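Taking it in order: structure first as structure tokens, then the write-up.
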Amino acid sequence: MEETKSLLYKVKPIADRLPSVKRPEGHVHFRTKMMWVIVILVLYFIMTNVYLYGLDQSESLDLFAQYRTIMAGASGSLLQLGIGPIVTASIIMQLFVGAKIIKLDLSKREDKACYQSVMKLLVIVMIVFEAIPQVFGYLVPSAGLGSAIGSGGAKLLLIFQLFVGSYILFMMDEVVSKWGIGSGISLFIAAGVAQALFTGTLNWNPVDMTAEMSLSNPPAGTIPRSLYYVFTMSPEQMASGGYESLFIGSPNPIIALIGTLVIFVVVSYLESTRIELPLSQGSARGARGRYPIKLMYASNIPVILMSALLAIVSMMALLLYSNELLSQIPFLGGNSSIGYFEEGSTYAAGGLAWYLSAPQGISDWLMPILDPTSYGNGHGAIQNLARVVIYFTVMVMGSILFAKFWVETTNLGPESVANQIQRSGMQIPGFRRDPRIVKRVLERYIPTITVMSGALVGALAAFADMIGTTGNASGTGVLLTVGILIHLYEAIGREQMMEMNPVMRGFFGGE
């Protein structure tokens with residue numbers, strides 16, 4: 001049987017030598033788990049405020065500025081790369097295992113241990129792979145550090161800091177998953193988005209903190225800004241432009257806060273909507289259960305993958321347009337039809353990348369269509385309308401394709417679920433205990449639900465981006481946060497139940 005093992009077993013001894021977090025040997029009490037979750041959360045916020053030593057922030061560009069909340073990092077900090085390397089490595093490993101390119105059976109303890117060991121090695125590779133282009137392209141060392149240790153040494157120091165910060169984040173994710181509750185990656189995403197929503201709603205500092213607060217430099221938060229306008233402006237001033245500025249003007253207009261609340265309510269409702277197939281235990285008369293098929297069956301994974309794909313498109317367009325080396329490539333380099341970027345900006349101002357980028361609220365697309373004279377963005381009404389239609393269609397269709405692909409490669413398809421039900425000893429009442437029969441029943445629901453869930457999450461994310469979200473949290477970020485908080489609430493409920501009744505630990509797969 002030794003020759004049938006995956007080739008990854010040859011890499012496992014190297015990966016096992018890397019620093020890692022050991023699993024607890026026995027049951028971890030609920031209070032201990034909650035303590036670790038809180039400690040890691042505090043440490044995460046501390047690291048987002050520890051800035052890279054020797055970085056010239058005024059000259060540096062953030063390649064993923066518009067996707068910052070999804071990447072759970074902070075621009076210019078130790079967590080500049082965020083969860084990007086971890087998520088990328090995880091997606092690569094899961095897709096390779098799901099597509100049978102890597103022959104590992106994750107139901108076996110030995111193969112799962114090999115998978116997790118090699119995953120650590122791949123995370124390190126992805127950290128280096130993502131850090132080098134950013135440092136040599138858009139993260140500029142300060143003049144003082146460059147003169148002290150040389151330009152090459154300064155860039156190596158920045159790469160080292162990014163490596164240390166990203167690997168510590170990976171270790172923190174392991175602490176949460178092994179000693180805490182839920183997933184560390186999910187916790188970091190929710191924390192980053194929650195921070196953006198909180199500051200976007202309640203920030204009382206002026207938009208430009210270097211100048212005094214005034215009507216032209218009001219508080220940045222939605223609520224303080226609204227109160228400041230109400231108590232400072234006269235009724236005539238409010239009527240002549242105050243209301244318009246409050247509702248659609250940047251930053252953090254009221255319409256964005258309303259859109260964020262609507263997304264929260266809608267996603268909370270959809271997360272609780274499900275079809276439940278009745279199941280019965282064949283060997284134990286009277287034992288019954290249910291298999292839930294959620295309306296959001298593919299979860300938020302499709303929209304994460306779609307956002308990651310669009311982020312890569314935007315990054316490549318920026319590199320081809322502005323990078324000294326890549327801009328010299330014939331036909332592709334410096335081609336404004338692929339993507340045009342204004343100096344010092346990472347947001348596409350034209351070209352294909354502009355049509356595929358998320359609109360930043362209604363002032364970025366609706367107002368230029370209705371009043372191009374006052375709200376013109378360099379594009380005509382037809383172009384702005386085409387951008388909205390193209391972006392919305394791409395998000396919905398792309399999310400459907402990723403949903404179908406994800407369900408098939410992560411053992412959520414009809415055949416895999418039928419086999420899981422068969423192995424558990426359950427069956428659908430009124431049908432023979434045969435996985436082929438169960439598969440045919442599931443095929444009535446799962447493919448349709450998969451397409452619907454992909455279309456829903458794609459449409460909701462696109463809608464939220466078009467309406468705008470408080471704190472520029474992005475539609476995808478708000479979607480993820482709602483789902484994460486619901487799942488965390490359910491996980492905490494299960495942990496409390498297991499703590500009160502130790503017999504339930506075996507039922508939920510606990511220690």
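The values are calculated or read from the model by the stated rules, or taken from the named source; none is laboratory data. Fair warning: this is a prediction, and the values are worked out from it, not measured in the lab. No Cβ is skipped: glycine too gets one built from the backbone with ideal geometry, and neighbour counts run over all protein chains shown. Accessible surface is based on the protein model in full, side chains and every heavy atom, while ligands, DNA and RNA are left aside. Shrake-Rupley method; radii C 1.70, N 1.55, O 1.52, S 1.80 Å.
Positive-end ranking of Phe264, Pro224, Met209 along the dipole of region 187-279, with charges on Cβ about the Cα centre, is headed by Phe264.
Determine the calculated [θ] at 222 nm for the chain from helices alone, applying -39500 (n - 2.57) to every DSSP H run no shorter than 4 residues and normalising by the residue count; nearest 500 deg cm²/dmol.
Working: 19 runs with 294 residues, N = 511.
Taking each H run of at least 4 residues, the total per residue is -19000 deg cm²/dmol.
Listed by chain and number, the aspartates and glutamates placed with their C-alpha closer than 15 angstrom to that of Lys103 are Glu2, Glu3, Asp111; residues fewer than eight positions away on the same chain are left out. For the chain, the residue among Gln237, Gly454, Leu310 whose Cα projects farthest onto the positive side of the dipole built from Cβ charges is Gly454.
The value for region 88-243 of Rg(Cα) / (2.2 N^0.38 Å) is 1.60.
To the nearest 20 debye, what charge dipole does the chain have about its Cα centre, counting +1 at the Cβ of each Lys and Arg and -1 at the Cβ of each Asp and Glu? Let's see the in-between values first.
Working: 34 positive and 33 negative charges, 544 e Å.
Result for the chain is approximately 2620 debye, rounded to the nearest 20.
For region 350-480, the per residue solvent-accessible surface stands at 44 Å², with DNA, RNA and ligands left out and a 1.4 Å probe.
Under 1.5 on a/c is rounded, so check that first for region 360-511, then, if it is not, pick prolate when a/b is larger than b/c and oblate when it is not; a ≥ b ≥ c are the square roots of the alpha carbon gyration tensor eigenvalues. Present the calculation step by step, with values, prior to reporting the outcome.
On the way: a/c = 4.84, a/b = 1.91, b/c = 2.54.
Oblate.
Coordinate range of the alpha-carbon atoms in region 400-447 per principal axis, descending: 34, 19, 12 Å.
Thinking of region 215-333 as a set of Cα atoms, what percent of all their pairs are more than 19 Å apart? Walk me through the numbers before you get to the answer.
Numbers: 5103 of 7021 pairs.
Summing the P(r) tail past 19 Å for region 215-333 gives 73 percent.
The simple spin-label model puts a point 7 Å past each Cα toward its Cβ; for Ile312 and Asn205 those points are separated by 3.6 nm.
Whenever you get a sec, compute what percent of the accessible area on the chain sits on carbon and sulfur atoms (1.4 Å probe). Answer for the chain is 64 percent, counting heavy atoms of protein chains only.
Going highest first, how would you order 368-380, 110-122 by mean Cβ packing within 10 Å? Working shown, then result.
Numbers: 368-380: 14.4, 110-122: 17.8.
Peptide ranking by packing, descending: 110-122, 368-380.
Length, then width, then depth: along the principal axes, the Cα atoms of the chain run 76, 57, 51 Å. Normalised radius of gyration (Cα atoms, divided by 2.2 N^0.38 Å) for region 71-177: 1.27. Peptides 77-89, 123-135 ranked from most to least packed give 77-89, 123-135, packing being the mean of other C-beta atoms within 10 angstrom over each peptide's residues.
What whole-number value in Å² describes the accessible area per residue of region 1-124 for a 1.4 Å probe? Let's see the in-between values first.
Numbers: 6970 Å² over 124 residues.
It amounts to 56 Å² per residue over region 1-124.
Amide hydrogen proximity for Ile293: with H placed 1.01 Å from N in the peptide plane, the residues at 5 or more positions away or on another chain lying under 5 Å are Ile275, Glu276, Leu277.
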